[in-house]
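Worksheet for the structure shown next.
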Amino acid sequence: MSRTARFTLHPAFTVGPVDPRLFGSFVEHLGRCVHTGIHEPGHPAADEDGLRTDVLELVRELGVTVVRYPGGNFVSGYRWEDGTGPVALRPRRLDLAWRSTESNRFGISEFMTFLRKAGPGTEPMMALNLGTRGVAEALDLLEYANHPAGTELADRRITHGDKEPFGIRLWCLGNEMDGPWQTGHKTAEEYGRLAAETARAMRQFDPELELVVCGSSHRSMETFGAWEATVLAETYELVDHVSLHAYYQETDGDRDSFLASAVDMESFIEAVVATCDHVGARLKSSKRLTLSFDEWNIWYHGRPNPHPVEDWQEAPRLLEDVYTVTDAVVLGSLLIALLRHADRVAVACLAQLVNVIAPIMTEPGGPAWRQTTFFPFAQASRHGRGTVLDVRVDAPRHETRVHGEVPLLHATAVRAEDGTVTVFAVNRDRHAPLPLEVVLHGLGLTRVVEHTALADADPDARNTADAPDRVVPHPVSGAGLADGVLKATLEPLSWNVIRLA
Ligand code: AHR
């Protein structure tokens, strides 16, 4: 077989429009994501609200469109009222999920201020506690957040300094309720019922809300598939999206399988779509659900924490994974997987935003910097808006231990409104460059604007506080477009962005 990877692009063959909310992220009260991450009163870069302006700048550069808050596992024991009102009066509480102490110095009002400053149109995605709480508390939060004035809860918000309602449209009906680790974990029947009751009541307040029901917390859960079917039987007509969560990591030094993690992500998406459509068919419904991949990332779960942490500490150093070039290439491939399913994935949140398995790192009182994984996300968010073109790859393949035979090329292409096209491509071959040829039909493209790659002679290179710019994308020369064919070479183990106009 030829060593060249090929595909054809045509404007008539599309996957669908990209919902900008595919480029979302996640802020949980976990470790140092909130405290000393986005919020650090007294830091030299903190503004009048205690928000770190150096972090805000990076969040804007990252191009985050929606932010899920306040958890995660944290939310299943959270009392939202604790994070409201005068800061000095807010209670300190145990956070059972992460065995930490929560000061509640940051709550819904501070979060909304953060979003306003994070960029125009950055949307909140609010998760509800359906672990230790239920319908009544969900309705209370909804009224506090979204009702203009004239009731006890709306007026309480005004007294707290937020005259205008927050207008939160996107709500998660709990978090990972299928997981035995979840505070208030439920069976599918119990959760399906509670989610349906909560959704129905919330829609009595506002039928236009967008509601996300919990799917499985991982594809490998024993209840995967059955959980979705049972929960959706109760909630299908009441919700808009089903959630998926997935974290990947390299195990046993099996880098080739790790580099093909997107194979798993794509099958996961397709399996959940099939389950949704099966339930829809059984219910004879004309409604089509979409997916909210509201936690995804690379997470080195099994690794011991290099930082000493004690139980019930405030803002401990938890889950502070430091990402390599290889991790960034995998993350790029996961973004490609999401874009390739843009017809059904409406929302996706990179978990998380700062310090906790995050693209942005900070030191308390010190600098903020970009991890390697920052770059593919920022580039995809900037150049991945428009319509995803259908990409059917014809490429050399290799064998992996976990995923069997996989193509060396993973790719997608997005056509922007102005007609420019961006090709996103990963070369999974760790040792050899991969020649790429793309036949371009009917797109009116005549030139390569830019080809950049994230790749390095050291695939384990990373950015740190001392060397924050060790890894950055670099320009690649040699790509050309002639007679309707784009030709480029993808470096070994690389994430590529090729822009055509
Ligand atoms: O993102 C870290 C944790 O992973 C979240 O709190 C939880 O929802 C998931 O298991």
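The values are calculated or read from the model by the stated rules, or taken from the named source; none is laboratory data. In this text, all values refer to a predicted model and were calculated from it rather than measured experimentally. Glycine also receives a Cβ, built like all others from the backbone with ideal geometry; neighbour counts cover every protein chain displayed. The protein model used for the area step is the full one, side chains on, heavy atoms only, and it has no ligands, DNA or RNA in it. Shrake-Rupley method; radii C 1.70, N 1.55, O 1.52, S 1.80 Å.
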Given H placed 1.01 Å from N in the peptide plane, which residues other than close sequence neighbours of His160 have an amide H under 5 Å from its amide H? none
How many angstrom lie between the C-alpha centres of region 247-307 and region 144-181? 29 Å
Evaluated over the chain, the Cα radius of gyration and Dmax, each in Å: 22.6, 72
Cα Rg, Dmax (largest Cα-Cα span) when computed across region 50-151, Å: 14.4, 39
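Run through every distinct alpha carbon pair of region 362-501 and return the Kirkwood hydrodynamic radius in angstroms, one decimal place.
Final number for the Kirkwood radius of region 362-501 is 16.4 Å.
Note down the relative contact order for the chain as a percent, whole number, built from C-alpha pairs under 8 angstrom at least six residues apart. Show your work: numbers first, answer last.
On the way: 1166 pairs, mean separation 99.6, N = 501.
That works out to 20 percent.
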Helix-only [θ] at 222 nm, the chain, -39500 (n - 2.57) per DSSP H run of 4+, per residue, nearest 500, equals -7500 deg cm²/dmol
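Nearest 5 percent is fine: what portion of the DSSP beta bridges confined to the chain is antiparallel? Please list the in-between numbers first.
Working: 51 of 89 bridges.
Among the beta bridges of the chain, antiparallel pairing accounts for roughly 55 percent.
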Once you place label points 7 Å from the Cα toward the Cβ at Lys163 and Arg447, how far apart are they in nm? 5.1 nm
Under 28 Å from the Cα of Lys287 - lysines, other chains or at least 8 residues apart: Lys186
For 456-468, 101-113, ranked highest to lowest by mean beta-carbon neighbours within 10 Å, the order is 101-113, 456-468
On the accessible surface of the chain, probed at 1.4 Å with all protein chains in place, carbon and sulfur together account for a percent value of 51 percent
C-alpha center-to-center spacing [region 452-501, region 378-441] in angstrom: 13 Å
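Regarding region 244-372, what whole-number volume in Å³ per residue does the convex hull of its Cα atoms give?
On the way: hull volume 18.8 nm³, N = 129.
Looking at region 244-372, the number lands at 145 Å³ per residue.
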Cβ-based charge dipole, the chain, positive-most Cα from Thr14, Thr412, Val347: Thr14
For region 117-134, what does the Karplus curve 6.51 cos²θ - 1.76 cosθ + 1.60, with θ = phi - 60°, yield as ³J(HN,Hα) per residue in whole Hz, taken in order and with x for Gly and Pro? 7, 6, x, x, x, 6, 9, x, 10, 9, 8, 9, 7, 10, x, 9, 10, x
Hull volume per residue for region 192-235, using the convex hull of the C-alpha atoms, in Å³ is 65 Å³
